[in-house]
Amino acid sequence: MHSDIHLMLHGLRAGELHRAAGDHLPQKRLRAQLGHVLVKLGLWLLRQPPTPAGCTTRLA
């Protein structure tokens, strides 16, 4: 296959995939919300004071 034809077919297929992906906006929103929750969880875990090894209770 010539490179010009291959490039043209690739462009057409990429356009089809982009249009199909545009139909899934709720999934993108859900993915973004999940990402924000995971980031907030990670930041919360970083703020927790470290506990000594073997200690299962926290002192208030």
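Does Leu12 count as open to solvent by 90 Å² or more (accessible area, probe 1.4 Å) and at pLDDT 90 or above?
Yes.
What is the residue count in the range 20-36 for residues that are open to solvent by 90 Å² or more (accessible area, probe 1.4 Å) and at pLDDT 85 or above?
Summing the residues that are open to solvent by 90 Å² or more (accessible area, probe 1.4 Å) and at pLDDT 85 or above in the range 20-36 gives 5.
The values are calculated or read from the model by the stated rules, or taken from the named source; none is laboratory data. Since this is a predicted model, take the numbers as computed values, not measurements. Surface accessibility is based on the protein's heavy atoms, side chains included, excluding ligands, DNA and RNA. Shrake-Rupley method; radii C 1.70, N 1.55, O 1.52, S 1.80 Å.
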